[in-house]
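Engineer: One structure follows; several queries about it will come next.
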């Protein structure tokens, strides 16, 4: 790709992710669509073994179907004491996709016997950008923290209420949207993506 796209589709129905991306892309005046804007868009089977594989597959299939450059991310929580669980299964850890309460409850149960000093974890996000010419670029970001024994905060989604960031003294769910867009794993991956997009803009 040698020019800045005027519109992109974010390959998700998650309105939180759409809001985050729209805010990040606002300075570049790029219009953001979501999967909800394309009712006939088929679901992409996330059968990759890594975050990167899943993100690339989603972005490529959505770009091909819509004819619009697509952005897809695969994000998750990796807990050190659980050998990286829930990992790529983060959104469906308890069985039902997107059931945050059930996923958090299962995580707490799995970690009930893990001492406080061994509850380290990190969020990871891999973003794939698939252009309509078939090219694909990936960008990643991480955020380190610890898993608490009870939820704190009402912002965010997913595992945010359990994910404590020591240097900030707050959970991800206690951060304002502006703060989260500065420090989260997805924000860090998107910042790398935005830097790349801006370099494309300069080449026009």
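The values are calculated or read from the model by the stated rules, or taken from the named source; none is laboratory data. Here the structure is a predicted model, which means the values were calculated and not measured. Please note: Cβ atoms are built from the backbone with ideal geometry, for glycine as well, and neighbour counts cover all protein chains shown.
Engineer: Can you pull out every residue in the range 127-137 that is under 13 Å from the mean Cα position of the chain (by Cα) and either surrounded by fewer than 18 Cβ atoms within 10 Å (Cβ to Cβ) or without any contact (Cβ under 8 Å) to a residue 24 or more places away in the chain (or both)?
Structural biologist: Residues satisfying the conditions do not exist here.
Engineer: Another question about this same structure. Could you say whether any residue in the range 141-150 is under 14 Å from residue 82 (Cβ atoms) and in contact (Cβ under 8 Å) with a residue 24 or more places away in the chain? Talk me through it step by step, then tell me what you get.
Structural biologist: Of the range 141-150, the ones under 14 Å from residue 82 (Cβ atoms) are 146-147.
Retained after the next criterion (residues that are in contact (Cβ under 8 Å) with a residue 24 or more places away in the chain): 146-147.
The answer is yes, given that some residue of the range 141-150 is under 14 Å from residue 82 (Cβ atoms) and in contact (Cβ under 8 Å) with a residue 24 or more places away in the chain.
Engineer: Let me ask you something else. Residues of the range 11-34 being closer than 19 Å to residue 133 by Cβ and under 16 Å from the mean Cα position of the chain (by Cα), which ones?
Structural biologist: Start the filter on the range 11-34 by keeping residues that are closer than 19 Å to residue 133 by Cβ, which leaves 11, 30, 33.
Scanning the range 11-34 gives a single hit, 11.
Engineer: Taking the range 157-179 on its own, how many of its residues are closer than 18 Å to residue 77 by Cα and either crowded, with 20+ Cβ neighbours inside 10 Å or modelled with pLDDT of 95 or more (or both)? Spell out how you get there, then give the answer.
Structural biologist: To start, the set of residues in the range 157-179 that are closer than 18 Å to residue 77 by Cα comprises 157-166, 170-175.
Subset that is either crowded, with 20+ Cβ neighbours inside 10 Å or modelled with pLDDT of 95 or more (or both): 158-166, 170-175.
Within the range 157-179, residues that are closer than 18 Å to residue 77 by Cα and either crowded, with 20+ Cβ neighbours inside 10 Å or modelled with pLDDT of 95 or more (or both) number 15.
Engineer: Follow-up question, since we're still on this one. Under the condition of being over 18 Å from residue 97 (Cβ atoms) and touching a strand residue (DSSP E or B) at 6+ places or on another chain (Cβ under 6 Å), which residue from the range 33-52 is surrounded by the fewest Cβ atoms within 10 Å (Cβ to Cβ)?
Structural biologist: For the range 33-52, the residue satisfying everything is 52.
Engineer: Just a yes or no: is a residue in the range 106-122 crowded, with 19+ Cβ neighbours inside 10 Å, within 20 Å of the chain's Cα centre (by Cα) and farther than 18 Å from residue 82 by Cβ?
Structural biologist: no
Engineer: Test residue 26 against the criterion of being modelled with pLDDT of 95 or more and in a helix (DSSP H, G or I), and give yes or no.
Structural biologist: no
Engineer: Then there's this: Does residue 32 count as farther than 18 Å from residue 186 by Cβ and either touching a residue at least 60 places away in the same chain (Cβ under 8 Å) or not in a helix (DSSP H, G or I) (or both)? Let's see the steps before the verdict.
Structural biologist: Details: farther than 18 Å from residue 186 by Cβ: no; either touching a residue at least 60 places away in the same chain (Cβ under 8 Å) or not in a helix (DSSP H, G or I) (or both): yes.
When the stated conditions are applied, residue 32 does not pass them.
Engineer: Something else about it: Identify all residues within the range 35-69 that are closer than 14 Å to residue 134 by Cβ and part of a loop (DSSP other than H, G, I, E, B); write none if there are none.
Structural biologist: 67, 68, 69 - these are the residues of the range 35-69 that are closer than 14 Å to residue 134 by Cβ and part of a loop (DSSP other than H, G, I, E, B).
Engineer: If a residue must be buried (at least 16 other Cβ atoms within 10 Å of the Cβ) and not in a strand (DSSP E or B), how many such residues does the range 2-15 contain?
Structural biologist: 5
Engineer: Which condition from (1) part of a helix (DSSP H, G or I); (2) crowded, with 18+ Cβ neighbours inside 10 Å; (3) over 18 Å from the mean Cα position of the chain (by Cα) is the one that residue 81 breaks?
Structural biologist: For residue 81, the failing item is (2).
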